[in-house]
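The values are calculated or read from the model by the stated rules, or taken from the named source; none is laboratory data. Please read these numbers as outputs of a predicted model, since none were measured by experiment. So basically every Cβ, Gly included, is an ideal-geometry build from the backbone, and we count neighbours across all protein chains shown. Surface accessibility is based on the protein's heavy atoms, side chains included, excluding ligands, DNA and RNA. Shrake-Rupley method; radii C 1.70, N 1.55, O 1.52, S 1.80 Å.
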Amino acid sequence: MKSLAELAAIREGMQSKVAIRHGIHPDGADSKVKKHILICGGTGCTSSGSVKIKDAMVAEIEALGLSEEFKVVGTGCFGLCALGPIMIVYPEGTFYSNVTVDDVHEIVESHLVNGQPVERLVYHETKSEDMHHATALSETSFYKKQKRVALRNCGVINPECIDEYIAMDGYRALGKVLTEMTPDDVIQCILDSGLRGRGGGGFPTGLKWKFASGNRGNVKKFVACNADEGDPGAFMDRSVLEGDPHAVLEAMAIAGYAIGADEGYIYVRAEYPIAIHRLEIAIKQAREYGLLGEDIFGTGFNFDIQLRFGAGAFVCGEETALMTSIEGHRGEPRPRPPFPAVKGLFGQPTVLNNVETYANICQIILRGPEWFASMGTEKSKGTKVFALGGKITNTGLVEVPMGTTLREVIEEIGGGIPNGKKFKAAQTGGPSGGCIPASLIDTPIDYDNLIAIGSMMGSGGLIVMDEDTCMVDLARFFLDFTVDESCGKCTPCRVGTRRLLEILDKIIAGKGEMEDLDRMEELANYIKSASLCGLGQTAPNPVLSTLRYFRDEYIAHIVDKKCPAGVCKSLLHYEIDAEKCKGCTACARKCPVGAISGAVKQPHVIDTAKCIKCGVCMATCKFGAISKQ
């Protein structure tokens, strides 16, 4: 078991080793190490081959006998996923993007050995006149408006090395609360910080802990972590677990001390193999150091953590359904009250927070609640992590202070809409959220503002849409997801969402009636008010928000029998402009159903009765002669 003094010694020794990653040249024992080569090991970059890149880099360096001079480090997500695989060489901070295995030899020979960065691979915003000193990432458009708190260690440390976490003040917060603070002091600190749950509901974290804190020592209690992130396009929690797993373990131990629990569970999606692997390593390392287990730091405090794997059920993001699943039963929600703080896991008082919430705890303890409360807005303190995706240039992971406007996230951090398209809407909160129109792009992002405009924070998915998006089809997509994920326990959700989906299908097929809009609103409000849990209560949000802001598109589908965005197949037909058609026959040869006819060098025509509206002809035509109407 490591004592606080031993932990401090590890911290002091490791800080000099990781200093090079902050542009500081190493001294003393680490003077042989000239460079650290950080390679993203998050899911996105891994899927693009970053593991092979890392292995090739290690092999090249070893073959040259330079392993003592150049250290290759696998990290978590850097955030700018659109440019992956990513590699950063320190201390100069050279940011290489879209790296391939074939680039490794050139990087080693040119940059590492001869000191000449490979300019063609350097991210353009980090280039400077002196290529040996890159422009800092914090000065680039993607990063300069971000404030990384939950993501502070992602892309900085090796998540599979506990000593590197300790070097970044890891487990100092746990040592502080166990030796200097009472459990009530800890809860008051979290209350004063204003931290609200990052899982979607935004309930004050300190208040949740306070509710569960009674009868310490007399009642068995649990701490649980929701890592079952299920929103389409969301990957915030996964990235934290992949890049900084010890931050979650340490925070859960602090929560256990605060409420009087000695056991914790992390409920993580089985589809997150990298996150699971790194959690297993982190838990093993923490136990070996005595940071999990019995008598932590010799204080008499006991706390350990177990993993439980979810099978991908979206409903298990709801806290009572998650706990039911941990208990080994089918994941279904329970009526509340009683709330989990009174009767939760195995019928005992339980605190449940999501990954991002826990990722803030240690920094609040170390820096003080005033520091955290100084960021954000009056009712939404701190920062929020978003998974930025969709029709956006810089897809990736973003952490910004609460109150940052949607425009700043989309146009400045996200780099705007690609291909010269116009911004149309943004979806926050996933299937539970709503669509925010372009007219509200200057809305400050916080819990209350998003609810006021018909959306919600959710866990942090932020999907951007351009003018080619059909909002009716989008509402149908999210509702179809919810229908499929409903556990079926309550009738309003099980039956109501399916009836709502049927009406949307009818409208998209061109068979809608104006009365259907009123029927949808009535049914949606009934589902919201009568469903048992948050899944059903929020399921109609995409429908209601699109009806509110994009009603004209619904009317076009119903009255004009047209899809303004040209997405809904049943309302489309393809036409060939006789003046533009060269009679090359390419479209006719590619048509899978033989719906196009015409002689060579003569205008062709499309038989709409045969056409299956696949769009192959339009994609094939080199003369822009085919359009969809």
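The requirement of being surrounded by 24 or more Cβ atoms within 10 Å (Cβ to Cβ), polar (S, T, N, Q) and either within 14 Å of the chain's Cα centre (by Cα) or outside any helix (DSSP H, G or I) (or both) is fulfilled nowhere in the stretch 216-224; no residue meets it.
Applying the condition of being of a type in the set (Asp, Glu) and touching an Asp or Glu at 6+ places or on another chain (Cβ under 9 Å) to the stretch 225-234 and asking which residue is surrounded by the fewest Cβ atoms within 10 Å (Cβ to Cβ) yields Glu229.
Scan the stretch 293-304 and give yes if some residue there is in contact (Cβ under 8 Å) with a residue 40 or more places away in the chain, more than 28 Å from Val483 (Cα to Cα), out of contact with any Gly (no Cβ under 8 Å at 6 or more places or on another chain) and not in a strand (DSSP E or B), otherwise no. There is at least one residue in the stretch 293-304 that is in contact (Cβ under 8 Å) with a residue 40 or more places away in the chain, more than 28 Å from Val483 (Cα to Cα), out of contact with any Gly (no Cβ under 8 Å at 6 or more places or on another chain) and not in a strand (DSSP E or B). Which members of the stretch 484-493 meet the condition of being in a helix (DSSP H, G or I) and closer than 17 Å to Gly317 by Cα? Residues satisfying the conditions are Asp484, Glu485, Cys493. Somewhere in the stretch 311-328, is a residue assigned to a helix (DSSP H, G or I), more than 28 Å from the chain's Cα centre (by Cα), modelled with pLDDT of 95 or more and over 27 Å from Gly243 (Cβ atoms)? Among the residues of the stretch 311-328, not one is assigned to a helix (DSSP H, G or I), more than 28 Å from the chain's Cα centre (by Cα), modelled with pLDDT of 95 or more and over 27 Å from Gly243 (Cβ atoms), which makes the answer no. Of the residues making up the stretch 344-352, at least one is buried (at least 24 other Cβ atoms within 10 Å of the Cβ), at pLDDT 95 or above and touching a Gly at 6+ places or on another chain (Cβ under 6 Å).
If we keep just the residues of the stretch 554-599 that are β-branched (Val, Ile, Thr) and in a loop (DSSP other than H, G, I, E, B), which is farthest from Asp468 (Cα to Cα)? Step by step, filter the stretch 554-599, then rank; the result is Thr585. With respect to being within 30 Å of His111 (Cα to Cα) and of a type in the set (Gly, Ala, Ser), Gly206 falls outside the description. For the stretch 586-608, a residue qualifies if it is within 44 Å of the chain's Cα centre (by Cα), open to solvent by 50 Å² or more (accessible area, probe 1.4 Å) and not charged (D, E, K, R), and the qualifying residues are Pro592, Val593, Thr608. Only one of the numbered conditions (1) of a type outside the set (D, E, K, R); (2) modelled with pLDDT under 95; (3) touching a strand residue (DSSP E or B) at 6+ places or on another chain (Cβ under 7 Å) is not met by Ser432, and that is (3).
Results for (1) over 21 Å from the mean Cα position of the chain (by Cα); (2) charged (D, E, K, R); (3) open to solvent by 10 Å² or more (accessible area, probe 1.4 Å), shown as yes or no for each residue.
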residue	(1), (2), (3)
Asn449	no, no, yes
Val483	yes, no, yes
Lys489	yes, yes, yes
Leu500	yes, no, no
Lys506	yes, yes, yes
Ala509	yes, no, yes
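Can we say Ala556 is free of Cβ contacts under 8 Å to residues at least 24 places away in the same chain and either touching a helix residue (DSSP H, G or I) at 6+ places or on another chain (Cβ under 7 Å) or not polar (S, T, N, Q) (or both)? Against the criterion (free of Cβ contacts under 8 Å to residues at least 24 places away in the same chain and either touching a helix residue (DSSP H, G or I) at 6+ places or on another chain (Cβ under 7 Å) or not polar (S, T, N, Q) (or both)), Ala556 qualifies. State which residue is most open to solvent (accessible area, probe 1.4 Å) when the search covers only the stretch 108-138 and only residues that are assigned to a helix (DSSP H, G or I) and touching a strand residue (DSSP E or B) at 6+ places or on another chain (Cβ under 7 Å). Looking at residues that are assigned to a helix (DSSP H, G or I) and touching a strand residue (DSSP E or B) at 6+ places or on another chain (Cβ under 7 Å), I get Leu137. For the stretch 200-211, the set of residues classified as open to solvent by 50 Å² or more (accessible area, probe 1.4 Å) and either part of a helix (DSSP H, G or I) or of a type in the set (Gly, Ala, Ser) (or both) consists of Gly201, Leu207, Lys210, Phe211, listed by residue number.
So that you can scan it fast, the table gives a plain yes or no per residue for (1) open to solvent by less than 20 Å² (accessible area, probe 1.4 Å); (2) assigned to a loop (DSSP other than H, G, I, E, B); (3) within 17 Å of Phe478 (Cβ to Cβ):
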site: Asn394; (1), (2), (3): yes, yes, no
site: Gln427; (1), (2), (3): yes, no, yes
site: Pro431; (1), (2), (3): yes, no, yes
site: Met457; (1), (2), (3): yes, yes, yes
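Here Leu479 passes the criteria (1) touching a Pro at 6+ places or on another chain (Cβ under 9 Å); (2) within 21 Å of Lys422 (Cβ to Cβ); (3) of a type in the set (A, V, I, L, M) except the one numbered (2). The set of residues in the stretch 408-425 that are part of a helix (DSSP H, G or I) and open to solvent by 10 Å² or more (accessible area, probe 1.4 Å) comprises Glu408, Glu411, Glu412, Pro418, Asn419, Gly420.
The set of residues in the stretch 54-73 that are buried (at least 22 other Cβ atoms within 10 Å of the Cβ) and more than 16 Å from Val33 (Cβ to Cβ) contains only Lys54. The conditions of being farther than 27 Å from Glu62 by Cβ and open to solvent by 10 Å² or more (accessible area, probe 1.4 Å) are met by Ser141.
Taken over the stretch 163-191, the criterion of being open to solvent by 10 Å² or more (accessible area, probe 1.4 Å) and either among the small types (Gly, Ala, Ser) or assigned to a helix (DSSP H, G or I) (or both) is satisfied by Asp163, Arg172, Lys176, Leu178, Thr179, Glu180, Pro183, Asp184, Asp185, Gln188, Cys189, Leu191.
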